[in-house]
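In what follows, a structure is listed as structure tokens, so that the remarks can point back to it.
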Amino acid sequence: MKLFDIEQQVLDAFVNDGTDEAELVDISIRWRGQPAPAGSSDLDRLWRSWQRLNDTCRGESGDDPATQQACAERDEVMKQQFDASSAEFLTAWQNGDANRMRELAHADQMPGRTIPGDLLAFTPAESTFGDCQYDPVGTGEAACYMNIAEGGPGLYFRWGVDYEKGWLVLSYAPDV
């Protein structure tokens, strides 16, 4: 059996499972051992899944069990995408990756404090954000705390949802 035949069987299984077209391209490229195209990270995959589920959740009858299932899955995928986004932002911060930090933030919404510029003056003291308040329904935001190695007050971070990109850092401020 040729590699393409196996790949086609795998893709057919995903098509029958309802996997969207963009994910199939990523799966196909990864299967061949080639790098996935730009913009196909796990964050992007999760967010595309959220968009697909959101379309079903909002566009179908609320009485339909399939719609209710899509809404429940959408909410879970949104939480997964937030967890992955905050972890990826922290990793970029720890590594001093200014470009990735910019990609994961709404820099235009942070007057007076820039990402990555001002933030790179601080060193995160923990391996994960703590004390996270996750409220996608009420405020549409999440907030987390991070102690810093330089001492003094830690930093509070706010995330918001961008429909095209998912969860992005909106702002950060010292805990005063």
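Summed over region 147-162, the residues that are at pLDDT 90 or above, small (Gly, Ala, Ser) and over 25 Å from residue 75 (Cα atoms) give a count of 2. If you check 98, 66 for being in contact with a Pro (Cβ under 6 Å, 6 or more places away or on another chain), of a type in the set (A, V, I, L, M) and without any contact (Cβ under 8 Å) to a residue 24 or more places away in the chain, only one passes: 98. Considering (1) at pLDDT 90 or above; (2) surrounded by fewer than 18 Cβ atoms within 10 Å (Cβ to Cβ); (3) within 18 Å of residue 41 (Cα to Cα), the lone condition that residue 165 does not fulfil carries the number (1). There is at least one residue in region 150-170 that is touching a Pro at 6+ places or on another chain (Cβ under 6 Å) and outside any strand (DSSP E or B).
The values are calculated or read from the model by the stated rules, or taken from the named source; none is laboratory data. These numbers were taken from a predicted model, which means no experiment stands behind them. Virtual Cβ from ideal backbone geometry, glycine too; neighbours counted across all protein chains shown.
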